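Reading through the structure tokens given below for one structure.
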Amino acid sequence: AHLNFYKTRTRMFITLSQIEPQLLTKAQETLIAAIQRSPTDPKLYYNLGVVESSLGSVETGISYLEKAVELKPDYPSARLQLGKEYAENQRFAEAKQQFEFILANIDPQNVAAQQQLELIATASAKTE
């Protein structure tokens, strides 16, 4: 029942899913079980958000990433992934907010956030 067993199991399934993609559903099931045991762990929501998006449930993935950010506002990986998901779904204003938050409040030197802001500027200019 220890949470580290769930986290290790999840990592194993995610790693093996590169060979057998259907193992992502096992990772999903494991993360859901872990969240039942630890509903305030933002890393669990972050990982479930990534897994859901990988499985094609983008809106569900986004909602889990939003929950991770809600639980830990200074979680740069979750904000970065959330911003990327927003950008991929043409939600540029929301994506920009995530990247700007990272640069203003977490890490002003975050190269990934800076690059994503540049990509958003280019992508949003193309859609106008």
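Starting from the stretch 67-80, take each residue that is closer than 14 Å to GLU100 by Cα and list its partners that are open to solvent by 20 Å² or more (accessible area, probe 1.4 Å) and assigned to a loop (DSSP other than H, G, I, E, B), counting only C-beta distances under 6 angstrom and pairs at least six apart or across chains.
none
For GLN28, indicate whether it is of a type in the set (S, T, N, Q), open to solvent by 30 Å² or more (accessible area, probe 1.4 Å) and out of contact with any helix residue (DSSP H, G or I) (no Cβ under 6 Å at 6 or more places or on another chain).
Against the criterion (of a type in the set (S, T, N, Q), open to solvent by 30 Å² or more (accessible area, probe 1.4 Å) and out of contact with any helix residue (DSSP H, G or I) (no Cβ under 6 Å at 6 or more places or on another chain)), GLN28 does not qualify.
Being aliphatic (A, V, I, L, M), farther than 26 Å from ILE35 by Cα and without any contact (Cβ under 8 Å) to a residue 12 or more places away in the chain: is that true of ALA104 here?
Spelling it out, ALA104 is indeed aliphatic (A, V, I, L, M), farther than 26 Å from ILE35 by Cα and without any contact (Cβ under 8 Å) to a residue 12 or more places away in the chain.
List every residue pair whose Cβ atoms sit under 7 Å apart, with the two residues 6 or more apart in sequence or on different chains, where the first one lies in the stretch 1-22 and is part of a helix (DSSP H, G or I) and the second, anywhere, is open to solvent by 80 Å² or more (accessible area, probe 1.4 Å).
LEU3/ARG37; PHE13/LYS26
If the Cβ limit is 8 Å and pairs must be 6+ apart or interchain, which residue in the stretch 32-61 that is in a helix (DSSP H, G or I) pairs with which residue that is open to solvent by 50 Å² or more (accessible area, probe 1.4 Å) and of a type in the set (Phe, Trp, Tyr)?
Going by the 8 Å Cβ cut-off, the qualifying pairs are TYR45/TYR64; TYR46/TYR64; LEU48/TYR64; GLY49/TYR64; GLU52/TYR64.
Take the residues of the stretch 51-92 that are more than 10 Å from the chain's Cα centre (by Cα) and among the small types (Gly, Ala, Ser): which is surrounded by the fewest Cβ atoms within 10 Å (Cβ to Cβ)?
Across the stretch 51-92, the extreme among qualifying residues is GLY56.
Does PHE101 fit the bill of being closer than 30 Å to SER124 by Cα and at pLDDT 95 or above?
yes
The values are calculated or read from the model by the stated rules, or taken from the named source; none is laboratory data. Note that the structure is predicted; figures quoted are calculated from it, not measured. All Cβ positions, even for glycine, are placed from backbone atoms using ideal geometry, and neighbour counts span all protein chains on display. To get the accessible areas, we keep the full protein, side chains included, count just its heavy atoms, and leave off ligands, DNA and RNA. Shrake-Rupley method; radii C 1.70, N 1.55, O 1.52, S 1.80 Å.
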